[in-house]
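The values are calculated or read from the model by the stated rules, or taken from the named source; none is laboratory data. Every value quoted in this text rests on a predicted model; they were computed, and no experiment measured them. Every residue, glycine as well, gets a Cβ built from its backbone with ideal geometry; the counts of neighbours run over all protein chains shown. When the accessible area is computed, the model is the full protein with side chains, heavy atoms only, and any ligands, DNA or RNA have been set aside. Shrake-Rupley method; radii C 1.70, N 1.55, O 1.52, S 1.80 Å.
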Amino acid sequence: MKYLSRNDEILLLSIWRLQDAAYGVTIRQDVLERAGKKFTFGALWVSLDNLAKKGYVTKTVADPTPTRGGRGKIYYRLTPDGLRALQQVRNLQQTLWAGIPQLSLGSG
Amino acid sequence: MNRLRNKPPPLAAWLFRRVMLNEEQATILGDMEEHYHALRAERGRFGAALWYYGQVALSLPVLIVHAIYWKGVMLRNYLKTAVRSIARQKLYSAINIVGLSFGMACCFLISLYVYDEVSYDKFFDDGERIYRIALERRYPDHTRYFASSSVMVTPTLLANYPDVEQATRLHRLFFAPQVVVTVDDKTYQESRFLWADSNFFDVFSFRFLEGDPTTALDAPNKVVLTDKTARRYFGDEPAINKTIMGGAGEFVVSAVIEDIPENSHIDVDLLGSMRAIGYLETAINQGNWVSPWLYTYVRLREGVDPEAFQAKLPDMVQTYGADQIKAQLGIAGEDYTESGHAYTYFLQPLHDIHLHSNMEVELQANGSITYVYLLVGLVAFILLISCINFVNLATARSTERAKEVGVRKVMGSYRGHLIRQFLTESIVISSISLALAVLIAWLFLPVFNGLAGKALTLGVVAHPLVMAGLLGFALVVGLLAGGYPALVISAMDPTTVLKGAFKSSRRGIWLRNILVIVQFSISMVLISGTLIAAQQLDYIRTKQLGFDKENVLIVKQAGALQTNMEAFKDELRALPGVVGVASTNAAPGAFFGSSIYAPDDPDKPLFRTNVVTIDDDYVETLAMTMTAGRAFSEEYNDSLNVIINETAARALGWDDPVGHSLRESINNAQQEARTFEIVGVVEDFNFQSLHTEIAPLVIFNGQQGNTVAARLGPGDVQQTIAAIGETWRTFVPERALLFSFLDQDLDALYQADQASGRVLNAFTLLAILLACVGLFGMAAYTTGQRAKEIGIRKVLGASVTGIILLLSKEFTKLIVIAFVLAAPLAYFGLNWWLDSFAYRIDVGVMTLALAGGLTLLMAWLTISYQSIKTALTNPINSLRDE
């Protein structure tokens, strides 16, 4: 059983949250705001392409718009496999954390 | 605002687009541009542009790594499928791999050979500035080309031509190339004892193991040995300063050089000082510009244009040599060139000597660029045949693979993927073949070396560059052979294929037929070549030469007998197995000197002719025929009489030359020109190789000679040879008899032809085998396809023979067409080759027909296995599944 990497988890969650508005610029912005992770657009595309090749997301190419220099966008959408994978890491997280005494930081 | 100024930095965008691998990645550019506009509002144009550059710079490496990673994943998948497909089709794959690997192995061997041939003399330092000076010698009625030149060229160039950085001379003993060397009571026959100027090593960068290059040859009694020779003489002891006896004189070993690589036209075991050769010293003192007795090599200064330098050479002869030439040729008047004589020297680049020079008195038998081209052509044919096999088999199998392609397409394969899949398959096959080919080449290298007379090694294969080349080669062959089938099969329409309507396309059949025709045309041309080459060599071996070459034992170096020559000949005559004995200075096939004579008719021009000296018994012993006059005889004093051959008689233009006379054309104060009377005309005999026509020959009488010819009668040859050896020992106790047989000596003149014949045979055989292998594979598939048809025919009463004929008919048609195409090709090609012989056979129609018949027979035999098998199959087996 292979779990999602943290990177993939962050990206998939972001796509899920953005729903129909999930494309390069919005995903990058969302990840930056919530996780503080800064992707270059190239690296972002590569990670998303890998997710697509694994079957967790599908790509839809939309028509070009003028603000984008006449280039199209790719909208990303979660597949059932993608959702299931997210579910799995969440369950894992909960199982692992269940019954752990309160953590305290520092010497307190 | 300017539209352009709103854009992100164009250079960065352009760079990104150049590297971008697919259209989808253009959307990244869109994303970046969208963000760029947002940033511009926030940070200004400069800040946004900086950010944009950063994005491009950081994105590109990630994208490239990503692309490579996924290519690798796909490739692994292609490879896996390819290996499975190859393993599933065992017969097909085996035929392909065997065919290709033999083709490639040929390619290697020939490449090694060609590489060796073109690498001659490349190892010398500054070799591109070294030239040999060769001579075009024009006589009033003909022109001869000599690799050698006059002794005067080198000193004249060094003294007067600043273009020349260094010039040196090299001499080979033309008449008696074998020198007896004695070292500590042991004697050796040395045939590669050459003689050079003291500055020889300044031009030719031989590596010295011991001794000093500058002083190695600065005295007449010094000699330089190669490492091999030094070991032969002295074992592991140091050779330097040791004394050896060579010919008449004593020599001190002054230096030892590394063995000279095989790929050099200068092949030497011992190198003595030129000053040890008396007649060369005399020629230098006389200022002799007439006799081309040695080889001149020059190294031009850097930047000197060889063409321009060469243009100065005729003038050099005029300026420095004209007087001497006039005196020597006995020509009065201002200009000897008006009488039709000319000495034109020209440059031969050192690197071209081996493959491009084939003149008189070469240092060694050179290779030939024609032969190299011939081999390259052959290997191209063989490779073509194996690639054709591959294509043919693949298209023949396309019906079978069509289903696979259909299913793959339905499942969503793109055409590009299928093409890649098929190409991967053929590249895997060609790579396996490559590995096998190296093995085959290694196995057959000794055989090939034997055929080609070389000592090649596969050592170069270990060189990384060669390795890369080989892999590239496998790739190219794979792409070439797999390209067509990949395109055709991948283009099939899945709906037609899966409905089962698809059999095999018309186009495929046409292509296949054309390829089979090409293959068999090539085979036929090669077979006729083999047959004609064999016939020509046989013709040469059995041609009437004008004398009887069988059973003649030649005693070489008989000069050692000195005054005992007559006694030795008499003792040989007394031996039971000997029928006749005679002596000469040069047996047929050996080096014949030449000289100039003035006919007694003052209207006739000076006459250049080959010369030879024979004794009274020679004409009878070699069974030559006199057509006019008489042969030399004991009853006459023939010392001032000569015999000429028919060609000489024609050249002189005398219907009845007997009684005419020839005067020596020399101009020498110490010697008076002698006049010789012609007493007989001998029927033309081939005293040189049959590549050249019979030249004029003047035969002198003399009882001395360096060669004794003994005709052996019936009886035990071994015993006779032993007896002759014994007799020799009684006269020359210090060394053993040196002998050969005349017919073998003459055969040796055609060694190069025989070697090419053998190589041609071997590769022809291979080409035909490969063509047959391909045909076998094709027959297997096409008859397989017709299994049902044949089943029905049998049920309806067709006979086994009828079916075999039916199946053979189609191939027979192709082979007949191939014959029609190949016959003229073979005819002209072979005539061209035969033109290199002065005495040649004609290309017979029967031979061409025979070649065609053989090809047809071979093709029938090949397909017979398949057709008989199919014809004998019980129809139940082929018809039950419908």
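Within the range B:729-776, restricting attention to residues that are closer than 21 Å to B:SER191 by Cα, modelled with pLDDT under 80 and of a type in the set (D, E, K, R), which residue is most open to solvent (accessible area, probe 1.4 Å)? In this case the residue turns out to be B:GLU734. Test B:VAL65 against the criterion of being assigned to a helix (DSSP H, G or I), surrounded by 14 or more Cβ atoms within 10 Å (Cβ to Cβ) and more than 7 Å from chain A (Cβ to nearest Cβ), and give yes or no. Against the criterion (assigned to a helix (DSSP H, G or I), surrounded by 14 or more Cβ atoms within 10 Å (Cβ to Cβ) and more than 7 Å from chain A (Cβ to nearest Cβ)), B:VAL65 does not qualify.
The residues of the range B:491-532 that are buried (at least 16 other Cβ atoms within 10 Å of the Cβ), of a type outside the set (Lys, Arg) and at pLDDT below 80, listed by number, are B:MET492, B:PRO494, B:VAL497, B:LEU498, B:PHE502, B:SER504, B:SER505, B:GLY508, B:LEU511.
Answer with yes or no whether B:LEU58 is facing chain A (nearest Cβ under 9 Å), more than 56 Å from the chain's Cα centre (by Cα) and open to solvent by 80 Å² or more (accessible area, probe 1.4 Å). Answer is yes for this residue. Looking at B:THR862, B:THR812, B:THR855, just one residue is closer than 21 Å to B:ILE517 by Cα and under 28 Å from the mean Cα position of the chain (by Cα), and that residue is B:THR855. Out of (1) within 27 Å of B:PHE741 (Cβ to Cβ); (2) free of Cβ contacts under 8 Å to residues at least 60 places away in the same chain; (3) of a type in the set (S, T, N, Q), the odd one out for B:THR613 is which? Of everything listed in (1) within 27 Å of B:PHE741 (Cβ to Cβ); (2) free of Cβ contacts under 8 Å to residues at least 60 places away in the same chain; (3) of a type in the set (S, T, N, Q), B:THR613 misses just condition (2). Contact map, the range B:6-30: first residue within 10 Å of chain A (Cβ to nearest Cβ) and modelled with pLDDT of 75 or more, second residue open to solvent by 80 Å² or more (accessible area, probe 1.4 Å) and part of a helix (DSSP H, G or I), Cβ cut-off under 8 Å, separation 6 or more or different chains; pairs are B:ALA26/B:ARG17; B:LEU29/B:ARG17.
Please find, among B:LEU39, B:LEU112, B:LEU79, B:LEU50, the residue that is among the aliphatic types (A, V, I, L, M) and in contact with a Ser or Thr (Cβ under 7 Å, 6 or more places away or on another chain). Checking each option against the conditions leaves just B:LEU79. The numbered conditions (1) surrounded by fewer than 21 Cβ atoms within 10 Å (Cβ to Cβ); (2) under 20 Å from B:LEU775 (Cβ atoms) are all true for B:ARG88 except (2).
Annotation: B:LEU458 fulfils all but one of (1) loosely packed, with under 15 Cβ neighbours inside 10 Å; (2) modelled with pLDDT of 80 or more; (3) within 19 Å of B:PHE102 (Cβ to Cβ); the unmet one is (2). Exactly one residue out of B:LEU350, B:LEU378, B:LEU329, B:LEU300 is touching a Phe, Trp or Tyr at 6+ places or on another chain (Cβ under 7 Å), outside the structural domain of B:LEU194 (by TED's automatic domain parsing) and open to solvent by less than 40 Å² (accessible area, probe 1.4 Å): that is B:LEU378. Across the range B:244-270, the qualifying residues are those that are surrounded by fewer than 13 Cβ atoms within 10 Å (Cβ to Cβ) and touching a strand residue (DSSP E or B) at 6+ places or on another chain (Cβ under 7 Å), and the one among them that is modelled with the lowest pLDDT is B:GLU250.
Residue-wise test of (1) in contact with a Ser or Thr (Cβ under 7 Å, 6 or more places away or on another chain); (2) surrounded by fewer than 19 Cβ atoms within 10 Å (Cβ to Cβ); (3) without any contact (Cβ under 8 Å) to a residue 12 or more places away in the chain; (4) assigned to a helix (DSSP H, G or I).
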| position | (1), (2), (3), (4) |
| --- | --- |
| B:LYS403 | no, yes, no, yes |
| B:GLY406 | no, no, no, yes |
| B:GLN421 | yes, no, no, yes |
| B:GLU425 | yes, no, no, yes |
| B:VAL438 | no, yes, no, yes |
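Restricted to the range A:80-102, and to residues there that are of a type in the set (A, V, I, L, M), exposed (fewer than 15 other Cβ atoms within 10 Å of the Cβ) and touching a residue at least 24 places away in the same chain (Cβ under 8 Å), the residue that is nearest to the other protein chains (Cβ to nearest Cβ) is A:LEU83. For the criterion of being closer than 30 Å to B:TYR139 by Cα, out of contact with any strand residue (DSSP E or B) (no Cβ under 8 Å at 6 or more places or on another chain) and among the β-branched types (Val, Ile, Thr), B:THR319 passes. The condition (being in contact (Cβ under 8 Å) with a residue 24 or more places away in the chain and more than 12 Å from chain B (Cβ to nearest Cβ)) is satisfied by just one residue among A:ARG6, A:ARG77: A:ARG77.
Of B:LEU194, B:LEU157, all but one fail to be assigned by TED's automatic domain parsing to the domain that holds B:GLY278, outside any strand (DSSP E or B) and in contact (Cβ under 8 Å) with a residue 60 or more places away in the chain; the exception is B:LEU157. Does B:ARG45 count as surrounded by 17 or more Cβ atoms within 10 Å (Cβ to Cβ), more than 11 Å from chain A (Cβ to nearest Cβ), charged (D, E, K, R) and more than 15 Å from A:ASP49 (Cβ to Cβ)? Against the criterion (surrounded by 17 or more Cβ atoms within 10 Å (Cβ to Cβ), more than 11 Å from chain A (Cβ to nearest Cβ), charged (D, E, K, R) and more than 15 Å from A:ASP49 (Cβ to Cβ)), B:ARG45 does not qualify.
With respect to the conditions (1) farther than 21 Å from B:LEU58 by Cα; (2) open to solvent by 50 Å² or more (accessible area, probe 1.4 Å); (3) within 14 Å of chain B (Cβ to nearest Cβ), A:VAL57 lacks only one, and its number is (2). Between B:SER339, B:SER273, the distinction of being in contact (Cβ under 8 Å) with a residue 12 or more places away in the chain, of a type in the set (Gly, Ala, Ser) and buried (at least 19 other Cβ atoms within 10 Å of the Cβ) belongs to B:SER273 only.
Considering only the range B:96-119, I want to know if a residue exists there that is surrounded by 15 or more Cβ atoms within 10 Å (Cβ to Cβ), of a type in the set (Gly, Ala, Ser), touching a Gly at 6+ places or on another chain (Cβ under 8 Å) and under 30 Å from B:ILE432 (Cβ atoms). Checked the range B:96-119: at least one residue is surrounded by 15 or more Cβ atoms within 10 Å (Cβ to Cβ), of a type in the set (Gly, Ala, Ser), touching a Gly at 6+ places or on another chain (Cβ under 8 Å) and under 30 Å from B:ILE432 (Cβ atoms).
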